[in-house]
Amino acid sequence: MIVKYERTAAYICPFCSNLTKKKISAFDFSGRVKAPLLCSTTGCREECARIALKNEKYKITVECPICGDAHSFTAAPVKFWNKRLLTYKCPVSGIDIIFLGEEKDVDAAVAEHTVEYADILPDYDDNSAESEMLYEILDCVHELRDNGKISCVCGSESISVQLINSCLVLVCDRCERVRVIETNEHNLAMLLNAEAIVIGN
Ligand SMILES: [Zn+2]
Ligand SMILES: [Zn+2]
Ligand SMILES: [Zn+2]
């Protein structure tokens, strides 16, 4: 059996709703246990999914763009590297949320779903003032977080960022306190000047 050890992954970002296509090779796993699948949108770059090698199987975890939960799937390596197309569904909505396989099969499957997604995902007109502001706010939050400037009153600095109905929701991974940041000019100005954000204050 000839195994190519190269796959194409396609997934939808739960933060900005854009589709990313990424090549995955066996090298992505060499020397470490997980390969993150990031959003390719400038200003977003959130982790949309990750693939980890666990007990000689691939564990694929997807941040669901439909229901907002994380879903995990497992695939045996032989299936992962050989099948022309693997798709995994959100168990809540029954909609495919990640495509893995040969590039042309992935492209065809994604094209088939485009109409379906257009109905479900929030429709951000790329040039609208609101989506621009949202990206700026996302940028600010990511920069603050990458610099360790977002924390929780419980002391945790492990914070998740979720996008729900064009509001940013910061969630403390430890105690699950939340802080909602609405997309508006006031909050953008606040973030541009913020030295730090504390959840629960
Ligand atoms: Zn994104
Ligand atoms: Zn889901
Ligand atoms: Zn906390």
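Read-outs throughout are calculated quantities, based only on the coordinates presented, and are distinct from any laboratory measurement. Computed from a predicted model, the values in this text were never measured in an experiment. Cβ atoms come from the backbone with ideal geometry, glycine included; neighbour counts cover every protein chain shown.
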Which trypsin sites (Lys or Arg not before Pro) does the range 1-107 hold that lie in a coil by DSSP with at most 12 other beta carbons within 10 Å? Lys4, Arg32, Arg84
Tell me, what ³J(HN,Hα) does each residue in the range 44-56 have, in order and in whole Hz, if you take phi through Karplus 6.51 cos²θ - 1.76 cosθ + 1.60 with θ = phi - 60° and put x for Gly and Pro? 10, 6, 6, 7, 8, 7, 8, 10, 10, 8, 9, 6, 6
Residues with beta-carbon under 10 Å from that of Ser40, excluding Ser40: net charge, scoring Lys, Arg +1 and Asp, Glu -1? +3
So, with +1 on the Cβ of K and R and -1 on the Cβ of D and E, and no other charges, what is the size of the charge dipole of the range 6-120 about its Cα centre, to the nearest 20 debye? 560 debye
Could you compute the net charge surrounding Lys21? Neighbours are other residues with a C-beta less than 10 Å from the C-beta of Lys21; K and R count +1, D and E count -1. 0
Could you give the length gained on full extension between Val161 and Asn193, defined as 0.36 nm per residue of separation minus the Cα-Cα distance, in nm? 9.6 nm
